[in-house]
1. With every protein chain present, what is the per residue accessible area of region 323-478 (1.4 Å probe, Å²)?
2. State to the nearest 20 debye the size of the charge dipole of the chain about its Cα centre, where the only charges are +1 on K and R beta carbons and -1 on D and E beta carbons.
3. For every other residue with a beta carbon closer than 12 angstrom to the beta carbon of residue 409, add +1 if it is Lys or Arg and -1 if Asp or Glu, then tell me the sum.
4. Apply 1/(1 + (r/R0)^6) to the Cβ-Cβ distance of residue 466 and residue 338, taking R0 = 22 Å, and write down the FRET efficiency to the nearest 0.05.
5. Per residue of region 213-222, in order, report the coupling 6.51 cos²θ - 1.76 cosθ + 1.60 (Karplus, θ = phi - 60°) as ³J(HN,Hα) in whole Hz, putting x for Gly and Pro.
6. Take the alpha carbon atoms of region 146-160, find their center, do the same for region 1-68, and report the distance between the two centers in whole angstrom.
7. Enter the accessible area per residue of region 1-100 (Å², integer; probe 1.4 Å; all protein chains in place).
8. Report the extension gain between residue 325 and residue 457 in nm, rounded to one decimal, defined as 0.36 nm multiplied by the number of residues separating them, less their alpha carbon distance.
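The values are calculated or read from the model by the stated rules, or taken from the named source; none is laboratory data. Note that this is a predicted model, so its numbers are computed, not measured. Note that each Cβ is placed from the backbone with ideal geometry, even for glycine, and that neighbours are counted across all protein chains shown. Ligands, DNA and RNA are stripped out before the accessible areas are found, and what is left, the full protein with its side chains, is counted by its heavy atoms. Shrake-Rupley method; radii C 1.70, N 1.55, O 1.52, S 1.80 Å.
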Amino acid sequence: MYIDAFIQHIDITDIPAIVLNSNPNLSSAIANDGLDDSMAIQAAIDWMAAQRNSGFTGESTIYIPEGIFEIGETVRVNTSDVNIVGAGSELSVLKNTDTFQIGIEGLPDSATEIDSANRDAYLFNIESDANNVSFKHMTLNGPEVHGAIFGYGINGLEISKIEFNSFLWSSIRLFNVEESSINNNTFIDAGGQAREDSGQTGGSIYATFLKDSEIFNNVIDRTEEREGNVFGIKGRRFVNTHIHHNTIRTSFAIELPFENDSSVEIDRNLFQGGGISIPKHGGGALPDDGLTFHIHHNFFTSSYSFEWARNGVRIDSNVFYFDPDQDEGNLITNHGGEAADGPTSFQNNLIFNPGRGIFWGRGAYNNFSFNNNEVFATDTSTPRLEGFFGFNSDTDFSTIEIKNNIISVNGSSRPLMRDSASYNSIIENNTMSNIADINYFENPDTGNPRGISRALLFQVGAYGEMTVDGEALKEEFRMESER
């Protein structure tokens, strides 16, 4: 198709005559009329694609003005460098029509097989090689469809300032995506279980094979009305990806299991609900730099903070502040029965009110260092009286270090360890109070500094919504313990 005059901007409520004339029976969309507007949006995108095929090389914009617009079938984004932009997340609303109801058919999709996913069950399908696409400033709603945006084999995707409200599986479902950004969005009941008994769960953001990308300043939440699990950020194999400054209040905050992830940085997030699940059989392979995950400067509220085993992890400068009435979890839980070589470095963290304990492993996990942390425990509702560390007896205890920590128990005394084999760990230079098994191990003074090596004062959550002040939290805990 030859285009006489290139059009860079199309308002779906005022489609240019040249576009209308090329699409018989097409009319501009009308806000709030309850009619299907997907044909108007599709025609605008197709026109931009035709222009690009005719030599246009600039960016194009599809504008969604204020009002409610209905989507009766999946809109295909089949061209690069196109921006789909609304008037604001509370002003421009796209929602599935009553006739566009996929339901749970085809769910759960396979975590890694692209052909298992129904791309026609999403409001938008970004086709392969449609690069540098963006969605901004609107609300997307689809309680009867799988999700809002599906993308496969693309680079340069940006999703920003969108409210995703009520989807069956995953608001954003991506496969093989690179150099992309998901930022400043709000997700409400936007990813969950296909069926209450399905076991498998989608995610508000669900990405398979994500590389060189960033997820930040998002609020991911669930309401009491949503049955079953709701997950926050879920994926398989993230590489060189940064997850930061998010507020997540879901059943699990982040789940990245089973794949060989590398160079994933998770920091300055507010986790007000579930924790982080990153198990891998045998802990997984180590990348060239030895680092799979660096988890730092976050605030955790769930006593079940980490699902293990994973090798090559550094966890530092976090604050774990648990409700003593919610004491069912170990901070790190290794369900895997197979041995893992590690390492995990856990240092410079503050832990308040650990529930069952700090580490429990079904299988052996080696090369675990717990250094320069501060633990402040009080009686929990159960109460929990088991040891803080429960290592498998097949662990190579010469590789387990518990050094330079401050561990203080207020109320009922608790042991450091849960079994006699664990006393073969390297335990030295710790300040401990009210520890029940203090006479079962040596704790030589090395003269090294004890406790956190640097004060923890930082902001977490979307837009830095909460300031974490470690010294103030310690004083608050002390005052509560004295009451």
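1. Details: 6440 Å² over 156 residues.
In whole numbers, region 323-478 has 41 Å² accessible per residue.
2. Working: 30 positive and 68 negative charges, 175 e Å.
Its charge dipole is roughly 840 debye.
3. Details: positive: 384, 414; negative: 379, 437.
In short, 0.
4. Details: r = 38 Å, r/R0 = 1.73.
Efficiency for this residue pair is about 0.05.
5. Each residue's phi maps through the Karplus curve to give 9, 9, 10, 8, 6, 9, 10, 10, 9, 9 Hz.
6. Result: 20 Å between the Cα centres.
7. On the way: 4730 Å² over 100 residues.
Per-residue value: 47 Å².
8. Working: separation 132, 0.36 × 132 = 47.52 nm, distance 2.62 nm.
Between residue 325 and residue 457, full extension yields 44.9 nm more.
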